[in-house]
1. Can you tell me which residue in segment 249-262 is surrounded by the most Cβ atoms within 10 Å (Cβ to Cβ), limited to those that are part of a strand (DSSP E or B) and in contact with a helix residue (DSSP H, G or I) (Cβ under 9 Å, 6 or more places away or on another chain)?
2. Going by what's in this entry, would residue 100 be described as hydroxyl-bearing (Ser, Thr, Tyr) and surrounded by fewer than 18 Cβ atoms within 10 Å (Cβ to Cβ)?
3. Give segment 221-266 a look and list any residue that's more than 13 Å from the ligand (Cβ to nearest atom) and among the basic types (Lys, Arg), or say none.
4. Being surrounded by fewer than 14 Cβ atoms within 10 Å (Cβ to Cβ) and of a type outside the set (Lys, Arg) narrows it down to one residue among 469, 441; which is it?
5. Can you name the condition, by its number, that residue 200 falls short on among (1) surrounded by 24 or more Cβ atoms within 10 Å (Cβ to Cβ); (2) out of contact with any Pro (no Cβ under 8 Å at 6 or more places or on another chain)?
6. Specify the residue that is surrounded by the fewest Cβ atoms within 10 Å (Cβ to Cβ); the eligible residues are those in segment 555-578 that are among the small types (Gly, Ala, Ser) and assigned to a helix (DSSP H, G or I).
7. Test residue 332 against the stated conditions and say whether it is of a type outside the set (Ser, Thr, Tyr), touching a helix residue (DSSP H, G or I) at 6+ places or on another chain (Cβ under 9 Å) and away from the ligand (no atom under 15 Å from the Cβ).
8. Hey, can you tell me all the residues within segment 34-66 that are in a loop (DSSP other than H, G, I, E, B), touching a helix residue (DSSP H, G or I) at 6+ places or on another chain (Cβ under 7 Å) and buried (at least 22 other Cβ atoms within 10 Å of the Cβ)?
Amino acid sequence: MIDPATSLRPGLLADVHLAGALSWADVHVAQKLGHLFGESDQRVQLGLALAVRALRAGSTCLELSHAHELSVVTEDEADALVPVELLPPLELWRELLAASPLVTLGPDGLGQRPLRLVGDLLYLERYWQEESVVAEQLRTRRASAPAPVSAELLDAADRELLSERVDADQRLAALAPALASVTVVAGGPGTGKTHTLARLLAVLLRVLPGPVSIALAAPTGKAAMRMQEALAGETADLPADLGAELGRLQATTIHRLLGWVPGGRHRFAHHAGNPLPHDIVVIDETSMVNVTLMARLLEALRPQARLVLVGDPDQLAPVEAGAVLADIVAAPVPDQGPAVPVVRLRRNHRSRAAIATVAEAVRVGDPDQVVELIESGLDGITLAGSAAQTGLRQTVTESGLAMIDAARAGRVADALAAVDQHRLLCAHRSGPFGVALWSRQVEDWLLAAGAGFDPFDTWYPGRPVLVTQNNPELGVFNGDTGVVVAADDGLRVCFGRGGQLHHDVSPFLLDSVQTIHAMTVHKAQGSQFEQVSVILPTPDSPLLTRQLLYTAITRAKSGVTLIGSVESLRHAVVNSAQRASGLAGRL
Ligand SMILES: Nc1ncnc2c1ncn2[C@@H]1O[C@H](COP(=O)(O)OP(=O)(O)OP(=O)(O)O)[C@@H](O)[C@H]1O
């Protein structure tokens, strides 16, 4: 017998599935829940299927009026858009959804149904609840000022700690958390977020009655490790007592901070009933935190705790649903009460000025300015129609050969320096603009230049690798890059920090690695290189977005070569990756 809940019956869902815009799993969930809740109208089931699909696109809800624009873009490819002619007329669709037993209508009440319709936004109930927690927590926290601090102490800390090597935005950011329960410090790479964080914490240590307990956390193990090291590196010009205290802090993942409990009623040991003990909680790389994890974090803070969210809202958003940091930054000023203080650090203290200027024009979405700046012949950033018109072959051959020579001779520091000298970045993994093809191309160029390695040999000196899985016991994390180097006792994979060897591992213990003659922009997020070359796909690629271009350009310290057409460049600047969420409007 055919199960009516799970077979793909002819009709609207089947048509949208066949158009390539719904996966079988989306359809299956919609049919199954439709059956359970007594909703047989496929137009309503389509809303449910598209809300499930929206989650995969990183949106916490489906915007009904934009349903035809919703595309699921992964690191690799994008699936088809819903053909407009298959969507029900908007007003009718809303009416059908509002009257459906699958749907709770409006923002109030505890939903017992799988969907909730609030204005134009259709949520899966669970994500409505998560977003509600985040919105309520942030509203409550921003309205409740923390215990007052002494104005004299704050003034003294300002003079002692913020009078040198601190720009005006950084000073504002460093003082804000003394007066607010939640503060956002937003800025692109090199704008001094960590530099400011060290001073911000130093100010708090001076003005709060001690002892003060501080938690540092980040969404991934790699980001936590970076945060701890970068913060320790920023303490040198602080007074010795503060430098020592900050240097002792350990960063951890948000999951570990909250105390992951497999299978328990609460997924985490810390929650509203058993809050975190800390006075100050700092989250780095907040742009990578999804709405569910943010909800758990906010619930687990003591009411008196100060929360500092640090990150770059313009980078690529988390893989899972929600772009909480971008939503907080985009939130309108509330009618009543204070807003969450958002301090944006604008001056890039690390990259060459030209790169920082173009990145800023990309960030604000001005294609004319981006093209004009690049065509004016700025030092450090160029656009070329094809790889042949650039020095790409020469650059990758020179840096690849330098890396192989150093690796064969066991010169670890030189090999590590060569790894971070230049990186070829692609939007796609496969296809003509993808990592697979370009990585092969680089290997061919290296072999033609006499590099003399066997491309079928997995481990050879000078092979640059990317770790794709966390392995804390070995001290390696998803996203770490290293290079294979010949040592007295065989090959070692060496990982550096700041150009120095940090640790090395036997290649035979690492089973999840990729060769990175080329890598995706997604994977490069969080890393910086001296020079980058970026393969821009054609304008019809859904991966070509402002966030991707911004992330790619800001990986470079001293040189960026964009390879693609002016049309691709313009398209990227204009095409902002939108995620549907009601959070900004609810803050
Ligand atoms: N006001 C300043 N004066 C002088 N140097 C500064 C200033 N602000 C930051 N720097 C330096 O600029 C560099 C980049 O700063 P920092 O690492 O804090 O940036 P970031 O925003 O955390 O970067 P990323 O996001 O890439 O980690 C550091 O070497 C830092 O010491």
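1. Narrowing segment 249-262 to residues part of a strand (DSSP E or B): 251-253, 260.
Okay, now just the ones that are also in contact with a helix residue (DSSP H, G or I) (Cβ under 9 Å, 6 or more places away or on another chain), so 251-253.
On the way: 251: 23, 252: 17, 253: 20.
Taking the candidates together, the pick is 251.
2. Values: hydroxyl-bearing (Ser, Thr, Tyr): yes; surrounded by fewer than 18 Cβ atoms within 10 Å (Cβ to Cβ): no.
Taking the combined requirement at face value, the residue does not satisfy it.
3. Those that are more than 13 Å from the ligand (Cβ to nearest atom) and among the basic types (Lys, Arg): 248, 256, 265.
4. Numbers: 441 fails: surrounded by fewer than 14 Cβ atoms within 10 Å (Cβ to Cβ).
Residue meeting the stated conditions: 469.
5. Exception for residue 200: condition (2).
6. It comes out as 568.
7. Numbers: of a type outside the set (Ser, Thr, Tyr): yes; touching a helix residue (DSSP H, G or I) at 6+ places or on another chain (Cβ under 9 Å): yes; away from the ligand (no atom under 15 Å from the Cβ): yes.
Judged against the criteria, residue 332 is a match.
8. 39, 60
The values are calculated or read from the model by the stated rules, or taken from the named source; none is laboratory data. Since the structure is predicted, the reported quantities are computational estimates derived from the model, not experimental observations. Every residue, glycine as well, gets a Cβ built from its backbone with ideal geometry; the counts of neighbours run over all protein chains shown. These accessible areas exclude ligands, DNA and RNA; they are computed on the full protein's heavy atoms, side chains included. Shrake-Rupley method; radii C 1.70, N 1.55, O 1.52, S 1.80 Å.
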